[in-house]
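Colleague: After the structure tokens below, expect a handful of questions from me.
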Amino acid sequence: MTGRDLFVISTGNLLRMKLRTFLTTSGVLIAIAAFVAMLSFAAGNQKYVEEEYLRFGLFTTIQVSPRGGSEGADSSRGPRLDRAALDRLAAIPGVNLVYPYEAFTVRVKLGDTVLASKAQALPATALRTRFFATLTSGRPFGSDSSRQILVSDELMKKAGRPDSVLGLRAVVSVRVSTPDSGLAHVLMNRGESIIDRLRRIRTDSLGNRGYRSRTIRSEIHAAMQRFMEGFLQAQETLTDTLTVCGVYHVNRSGRLRTEEMVIPLVTAARFNNAGMSGSPSEMMASLSSGSPFGESRDASGKTFSLVTISFDPGVLSTTIRDSVEALGFRAFSFAAQFEQIQRFFLAFDMAIGVIGLIALVTASLGIVNTMVMSITERRKEIGVLRALGANDLDIRALFIVESGAIGLLGTSLGIFCGWALTRIVSMVARGYMKGQGLPEIELFALPVWLILIALGIGIGVSVLAGIYPAGRAARVDPVEALRNE
Amino acid sequence: MTPACYLQTTDLCRHYERGHRVVKALDNVTISIARGEFVGIVGSSGSGKTTLLNLLAGLDTPTSGVVDLDGVPLSSMSRRQLAAYRAAKVGMVFQSFNLIAHYTALQNVETAFYFTGTQPVERRRLAAEMLERLGLADRATHRPSDLSGGEQQRVAVARAIVKKPELLFADEPTGNLDLENAGQIASLLTMLHGEGLTIIMVTHNLELAGQRTQRIIRMQYGRLDRGDHSDARADARPDAREGAIP
């Protein structure tokens, strides 16, 4: 019996028993549709994550932080993450770019609008990495000392200028606290100078030990209070006028982040190294670094909480990570993070696969039932085929092909229905995302491997379901089957 | 086995167990059939005629004894070889036609080639030719339910002989037919025998057996009946022999 004969006979029988075939196939269809839809969701998310990692070049990015803590450096627990450390990191073979995360609070005037925002200092080379190479308009600044600025689309919206900001002048100002302002407050405060205060001291009583001691304590306390008042309140304002050269889309990709403005590294140094920021968090960072005043003015002594390393695609991220850790820093590898995500998706896929398989096994019981009923109804036909020369294998093949055909039909329709279901859900989800102002993400994907797995499992389970009925059919006694009623 | 002997049974037994009772459907039957012979097997219901036919066709397995085909015992063949034997050498016609109800006449005849390795185009051509030869060309696309009893049996005969078997086993081929159709089928079998086909026909109809077959084998209670059958002999053709060949 040829394959064509088996196919013709099997499909003929299925078409003859339309309702039964429809019901049995529906079981397989529903199981496969659910299986495909669920795995499609996992595949869609996996694809999205992978695309994001590729888009932002995260596979070739490592973030470095001091071992002692997230802010500054703790010499007792690890080396300082300062300029010298950046040079050591840049010297690791395969590393092509090292830049720190330096952000500071600014006020910016765009047109007539003044906004409080946050700026980030970046070297021009960093803009060539994939993470920052997402300008929606304009072009990146040419050099680290360029007097240009990149602004985010979010900032433009806040400024009420969703478009046409290229070439616009942005007046950037930073309020910083310096020891100078504190000292000035000590010398002169609310119209009273230090001379006035000294005049109030009764010099003739200074010989009295108690008076002398109280006066010294009181004056030192007052001087410190004045210094802190001056340091914190009488902040110096630094202003610079820069030209908007490009607009970018803000990335919110986990640990890697961009602020609302990007200023060339050297141009930003004026703001960044001028003194202690008025921002409480930045102030705490400066204080915890152990060098709030002196070293902050000195770029070579500045420490960083976070440094980003970009390396060649041909170099293993583990090699770079090991080198960074050998220098005494903590390294965070996005490639390693992606592996963990992959493992999560694998476990997720397997869990979904098991659920789908359970549904499919349940549906396969329907196939077994249909086939067993078919044998009962077709005993005479089996007997005739036996008399005509069919062997055990022919009879088995007849029923296995029939159950396989149910599987093929159910699986094919199931894949289509599963796909259609994901399209509908995706359309609804996209509509919701759009309504919420969120970026539209494709939640589902139907890769070829998923179609092949669904086909393999659907047809495989159906064929397995046909083995028992086929064995029964092969054992039908032709003499009994052909006996006259 | 004599040189002319083609199909032979030796002490063939087929017993069934029904609870604690053993039913001897066939008991020590020894017959011999020559190539090209037309043999009639007659006997009352339950005499073991059909059991003998099934054993000769390799559809059933004897409890003991041997069926030899051209010197080769069927018992030495595997199930697969027996199936190949039926596919290549055996044609079977049944009392109730046993056509596949959802196939057309042409498709029913074609089923004979399912297990012979004949190409689909060739087998369709041969099946159509056979139907035409048996006067059923205009019925080729009809399903069995649209055919008369005589036509259905002719389709069954066409299915049995289309692959040109060496042996034709006919089990009550006229049992469900009226006189006219029975006569047509009998004539058809005679014609096929004339073409050299070896035919073993089981029938109740002693007259038919006597007129059409060369030899009659009588059976009773699972054994060969060697009693006096003068009436039957009188009804039979002059060249018909009675009883089994030892």
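Please treat every number below as a calculation from the coordinates, not as lab data. None of these values were measured; they are calculated from a predicted model. Glycine gets a Cβ as well: all are built from the backbone with ideal geometry, and neighbour counts include every protein chain shown.
Colleague: How far is helix B:79-89 tilted off the main Cα axis of chain B, in degrees rounded to 10, range 0 to 90?
Modeller: 70 degrees
Colleague: Run the count for the protein assembly as shown, please: Lys pairs, Cα-Cα under 30 angstrom, 8 or more apart or on different chains.
Modeller: Close lysine pairs under the 30 Å cut-off: 24.
Colleague: Using only Cα atoms, find the angle between the long axis of helix A:379-388 and the longest principal axis of chain A, and express it within 0 to 90 degrees, rounded to the nearest 10.
Modeller: Helix A:379-388 sits roughly 70 degrees off the main axis of chain A.
Colleague: For a quick check: with amide H placed at 1.01 Å from N, whose amide H comes under 5 Å from B:I41's, ignoring anything fewer than 5 positions away on the same chain?
Modeller: Long-range HN contacts for B:I41: B:M201, B:V202, B:T203, B:I217.
Colleague: A further question on this structure: Seen from all sides and averaged, what is the projected area of the convex hull of the Cα atoms in the protein assembly as shown, in nm²?
Modeller: Working: hull surface 221.5 nm².
Mean projected area for the protein assembly as shown: 55.4 nm², to one decimal.
Colleague: Right, next: At R0 = 51 Å, how high is the FRET efficiency between A:T239 and A:R130 if r is their beta carbon distance? Nearest 0.05 is fine.
Modeller: Values: r = 34 Å, r/R0 = 0.66.
Using R0 = 51 Å, I get an efficiency of 0.95.
Colleague: I've got another one for you. Please compute the net charge surrounding A:A326, taking Lys and Arg as +1 and Asp and Glu as -1 over other residues with Cβ under 14 Å from its Cβ. Before the final figure, lay out each step's value.
Modeller: On the way: positive: A:R67, A:R88, A:R321, A:R330; negative: A:D322, A:E325.
Net charge in that neighbourhood comes out at +2.
Colleague: Here's a follow-up. Within 10 Å of each Cβ in peptide A:388-398, how many partner chain Cβ atoms are there on average? Round it to a whole number, please. Provide the component values of the computation, followed by the final result.
Modeller: Values: counts 16, 18, 6, 10, 4, 3, 5, 1, 0, 0, 1.
Whole-number average of other-chain Cβ neighbours for A:388-398 is 6.
Colleague: How far apart, in nanometres, would the label points at A:R83 and A:L23 be if each is projected 7 angstrom from Cα along the Cα-to-Cβ direction?
Modeller: Taking the simple label geometry, A:R83 and A:L23 are separated by 8.3 nm.
Colleague: Could you work out the equivalent-ellipsoid semi-axes for the stretch A:320-471, taking the square root of 5 times each eigenvalue of the Cα gyration tensor, largest first, in whole Å?
Modeller: Numbers: eigenvalues 475, 98, 24 Å².
With the √(5λ) rule applied to the stretch A:320-471, the semi-axes are 49, 22, 11 Å.
Colleague: Under 1.5 on a/c is rounded, so check that first for chain B, then, if it is not, pick prolate when a/b is larger than b/c and oblate when it is not; a ≥ b ≥ c are the square roots of the alpha carbon gyration tensor eigenvalues. Don't skip to the end; give the middle numbers.
Modeller: Numbers: a/c = 1.70, a/b = 1.35, b/c = 1.26.
Prolate shape, in that a/c is at least 1.5 and a/b is the bigger ratio.
Colleague: By how many degrees, between 0 and 90 and to the nearest 10, does the Cα long axis of helix B:149-161 differ from the longest principal axis of chain B?
Modeller: Tilt relative to chain B: about 80 degrees.
Colleague: Would you order A:L413, B:L208, A:L15 from fewest to most other beta-carbon atoms within 10 Å of each residue's own beta-carbon? Write out the running numbers ahead of the final one.
Modeller: Details: A:L413 18, B:L208 21, A:L15 10.
Going from least to most buried by this count: A:L15, A:L413, B:L208.
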